[in-house]
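Novice: Attaching a single structure in structure tokens format; questions to follow.
Rule-based calculations on the coordinates, nothing more; no lab input. Note that the structure is a prediction, hence the values are computed from the model and not measured. Heads up, the Cβs are rebuilt from the backbone with ideal geometry, glycines too, and the neighbour counts pull from every protein chain shown.
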Amino acid sequence: MTELADIPVTTLKGVGAALAEKLARVGLETLQDVLFHLPLRYQDRTRITPIGALRPGQDAVVEGTVAGADVIMGRRRSLLVRLQDGSGTLSLRFFHFSQAQKDGMKRGNQLRCYGEVRPGATGLEIYHPEYRSLQGQESPAVEQTLTPIYPTTEGLTQQRLRNLSQQALLRLGPHSLPDWLPAELAVEYRLGALDQAIRYLHRPPADADLQELAEGRHWAQHRLAFEELLTHQLSLQRLRESVRSQQAPPLPPARRLPQAFLDNLGFQPTGAQKRVAAEIAYDLAQAEPMLRLVQGDVGAGKTVVAALAALQALEAGYQVALMAPTEILAEQHFINFDKWLNPLGIEVAWLAGKLKGKARATALERIGAGVPMVVGTHALFQDEVRFQRLALVVIDEQHRFGVQQRLALRRKGVDGQLCPHQLIMTATPIPRTLAMSAYADLDTSILDELPPGRTPVNTLLVADSRRLEVIERVRLACGQGRQAYWVCTLIEESEEMTCQAAETTYADLCAALGGLRVGLIHGRMKPAEKAAVMQDFKTGALQLLVATTVIEVGVDVPNASLMIIENPERLGLAQLHQLRGRVGRGSAASHCVLLYHPPLSQIGRERLGIMRETCDGFLIAEKDLELRGPGEMLGVRQTGLLQFKVADLMRDADLLPAVRDAAQTLLERWPQHVSPLLARWLRHGQQYGQV
Ligand code: ADP
Ligand code: MG
């Protein structure tokens, strides 16, 4: 029997070239794809509800006789159809309707309809129900199973998807859809049969527990979630293997440059920095590429660790690229590395997307000619950027880069042959469960010690009706020789408007705080302007800095001990934590005022409450994850990394240890099952191991 994975959708009835193309767009090319395109939720159309028993909010099938139909001219013109079944009256309301539709609503006509019941002007109503006329027919049978609602795309109706899955289900059996989980594992992890799980989820019986399905607790969902997570794990393992199987330039431990660097640094590395630097140094000396993630809370001193790694490559005569997700952060790194490396006689080049024309050409040329250190944004990933002897790539704030981008780097190594070592640094501590799943391809080092002399930041929640008091507080702090940040948050995702708002706030604060030296920094300013403002704030020439969230990362002014964040409810907790990390770097007691706009939602209150209670980045990350879900938190929506069909990392977190073990067993004993699983669950672009 042919496997469903090998039968194209075009063999199904009603699938021509045009439809096949639409289906391909959502990844449905084979019958197996159709069966793994699982419903998002279900409707219960298995019984007809008497009108008298309807409740608002309920989705229901109703059957009745048309008692009248009128076009109502109110605020919006609508067609109102009254339907009766002897137990009561219901109104169907259509805001869009054709003449033919209206003509079909003759008094005495029998209709069956389905929709959400809601309270309306005439009692209970259904807006735009799905309906069919039963004119002169026997009342047709109701559905025998729950009705699946599939994820879809434009031009692909539920009706069509149901029809396709129906056809595919007819050909489903244990032989047409092989179970790649060996029976031994199925027994060990108590997993049901694959074909039965699939059948159940496409057409749950009328007595299925809708609540259980909605919460993802049914055994069939459990069975598929396990396989999906397992496949995800396998793909990351494969990625890891494929990277490890490449050659990297082994970099012998460095002496001269690190010594000179540390002599000039002005402080001693912390114990954690020394330990992590040693872990990295060991990896770099190997002939296989390092893949290491350094997790460390904001302010833990990751940059020094990165610099030590860079020096090992530089001393061996290779190039190093350091990449950051935003221009301001990249700039800060550029300034730091330039300051640190120049005295050692090492050149540092700069490349960002905004660099254009001659400056860009020059930068590309220098990189090609082997300038030792290059700092920039994701512009460094572009094809036209060619390194001469790239041996190490450092990526700051990895969660904003996708796995794909990281893979692109592999082709930039020495002569396109040797793969560069990769060091990834993240300030957003990742909850353990997620780290296990999202970063299964990386080794991890943890910087769990802050440099000495940091003071915990006292965080306050203040309603914006008390803005004037807060302004006075700023005046007081600056009067005492301290410095302060005033942060304006993003407005509706529009950078333009956010910058304008910052300019207005700046003008207001200048007026309110006459005599204080106030500066402004935002994303629309030229790099040189931004650098000048930052410099003035650093030297203390400016006392108050009004900023957009561009200061989130990379800014370091120990004398700043007060931060006001406007509309903190608009930001993620991780981002708030990062921002707040800009204060509390000196010896003075520091404060962070979250100037929120009431009323706060219940979740909003809980989230800001967490900020007040703790300065521990890991704890904040765990809570943020609970409240918002993983995709949101890691910023990986775009990368698709954590988009699962059935699995849910929060809900299924307890499966992960078993999934890891199962993945290991499968790789060792049934390696031939890996590729079919990847093909089944991951769209082509996501099959990391095969890029
Ligand atoms: P992050 O981990 O958030 O990237 P940074 O690397 O920006 O932290 O370091 C934050 C600040 O702490 C910088 O001013 C840095 O110079 C300083 N710093 C780093 N390590 C130490 C240390 N061991 N002792 C004192 N200050 C340090
Ligand atoms: Mg940093």
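Novice: How big is the convex hull of the Cα atoms of the stretch 211-267, per residue, in Å³?
Specialist: Once divided by residue count, the hull of the stretch 211-267 is 154 Å³.
Novice: Here is a further query. State the extension gain, in nm to one decimal, for the chain segment bounded by residue 388 and residue 87, taking 0.36 nm per residue of separation less the distance between their alpha-carbons.
Specialist: Values: separation 301, 0.36 × 301 = 108.36 nm, distance 8.19 nm.
So the chain would gain 100.2 nm between residue 388 and residue 87.
Novice: Same structure again: Using θ = phi - 60° and the Karplus curve 6.51 cos²θ - 1.76 cosθ + 1.60, what whole-Hz ³J(HN,Hα) does each residue of the stretch 271-276 get, with Gly and Pro shown as x?
Specialist: x, 5, 4, 5, 5, 5
Novice: Explain nothing, just the number: relative contact order of the stretch 2-159, from Cα pairs under 8 Å at least 6 residues apart, as a whole percent.
Specialist: 24 percent.
Novice: Per-residue HN-Hα couplings for the stretch 102-109, Karplus 6.51 cos²θ - 1.76 cosθ + 1.60 at θ = phi - 60°, whole Hz, x for Gly and Pro?
Specialist: Working through the residues one at a time gives 4, 5, x, 8, 6, 3, x, 5 Hz.
Novice: Hey, what D do you get for the stretch 135-239 in µm²/s if you plug the Kirkwood alpha-carbon radius into Stokes-Einstein at 20 °C and 1.002 mPa s? List each step's numbers first, then the result.
Specialist: Working: Rh = 16.1 Å.
It comes out at roughly 133 µm²/s.
Novice: Rank these for me by crowding, 383, 85, 652, going from fewest to most other beta carbons within 10 Å.
Specialist: Working: 383 8, 85 17, 652 21.
Fewest to most other Cβ atoms nearby, the residues stand as 383, 85, 652.
Novice: Once the convex hull of the C-alpha atoms of the stretch 16-71 is built, how many Å³ does it hold per residue, rounded to a whole number? Let's see the in-between values first.
Specialist: Details: hull volume 11.8 nm³, N = 56.
With only Cα atoms used, the stretch 16-71 gives 211 Å³ per residue.
Novice: Quote the charge dipole size of the chain about the Cα centre in Debye, to the nearest 20; the model charges only the Cβ of Lys and Arg (+1) and of Asp and Glu (-1).
Specialist: Details: 76 positive and 75 negative charges, 246 e Å.
Value, rounded to 20: 1180 debye.
Novice: For the stretch 103-168, what value does the Rg/Rh ratio take when both radii are computed over Cα atoms and Rh is the Kirkwood radius, given to two decimals? Please list the in-between numbers first.
Specialist: Values: Rg = 15.2 Å, Rh = 14.8 Å.
Result for the stretch 103-168 is an Rg/Rh of 1.03.
Novice: I've got another one for you. Output wanted: per-residue J couplings in Hz (rounded whole) for the stretch 368-375, from phi through Karplus 6.51 cos²θ - 1.76 cosθ + 1.60, θ = phi - 60°, x for Gly and Pro.
Specialist: So the J values, rounded to whole Hz, are x, 7, x, 3, x, 10, 10, 10.
Novice: Find the centroid of the Cα atoms in the stretch 370-389 and in the stretch 1-66, then give the distance between the two in whole Å.
Specialist: 48 Å
Novice: On to the next question. So what's the angle, to the nearest 10 degrees on a 0 to 90 scale, between helix 495-512 and the longest Cα principal axis of the chain?
Specialist: That helix lies at roughly 60 degrees to the long axis.
Novice: A follow-up question, please. Return 6, 536, 396 ranked ascending by Cβ neighbour count within 10 Å, so the fewest neighbours appear first. Can you show the working numbers first?
Specialist: Values: 6 10, 536 16, 396 27.
With the sparsest Cβ surroundings first, the list reads 6, 536, 396.
Novice: So what are the radius of gyration and Dmax for the Cα set of the stretch 4-101, in Å?
Specialist: Cα-based Rg and Dmax for the stretch 4-101 come out at 20.6, 56 Å.
Novice: Let me ask something additional. What ranking of 232, 218 emerges when the number of other C-beta atoms within 10 Å of each C-beta is taken as an exposure proxy, fewest first? Let's see the in-between values first.
Specialist: Details: 232 26, 218 19.
The order, fewest Cβ neighbours first, is 218, 232.
Novice: For residue 11 and residue 207, what is the calculated FRET efficiency with R₀ set at 22 Å and r taken between the beta-carbons, to the nearest 0.05?
Specialist: Working: r = 34 Å, r/R0 = 1.52.
In this case the efficiency is close to 0.05.
Novice: Another one. Averaging sequence separations of C-alpha pairs under 8 Å and six or more residues apart, then dividing by the length of the chain, give the relative contact order as a whole percent.
Specialist: Details: 1226 pairs, mean separation 88.3, N = 691.
Over the chain, the number comes to 13 percent.
Novice: At residue 137 and residue 158, where each label point lies 7 Å from the Cα along Cα→Cβ, what is the point-to-point distance in nanometres?
Specialist: Placing both labels 7 Å beyond Cα along the Cβ direction yields 1.9 nm.
Novice: OK, next. Lys/Arg Cβ at +1, Asp/Glu Cβ at -1, dipole of the stretch 48-100 taken about the Cα centre: which of 64, 83, 100 is farthest positive-ward?
Specialist: Comparing the listed Cα positions along the dipole, 100 ranks first.
Novice: Starting from the Cα of residue 72, step 7 Å along the direction of its Cβ; do the same at residue 359; then give the gap between the two resulting points in nm.
Specialist: 6.2 nm
Novice: Roughly what % of Cα-Cα distances in the stretch 133-177 sit above 17 Å, to the whole percent? Show your work: numbers first, answer last.
Specialist: Working: 543 of 990 pairs.
Summing the P(r) tail past 17 Å for the stretch 133-177 gives 55 percent.
Novice: Mind scanning 22/354; 22/356; 339/412; 274/526; 530/623; 22/106 and naming the pairs with a C-alpha gap bigger than 31 Å?
Specialist: On the way: 22/354 37 Å; 22/356 39 Å; 339/412 27 Å; 274/526 37 Å; 530/623 34 Å; 22/106 38 Å.
The answer is 22/354; 22/356; 274/526; 530/623; 22/106.
Novice: Quick one: Debye curve from the C-alpha atoms of the chain, no solvent, what's log10 I(q)/I(0) at q = 0.07, 0.10, 0.11 Å⁻¹?
Specialist: -0.63, -1.09, -1.19
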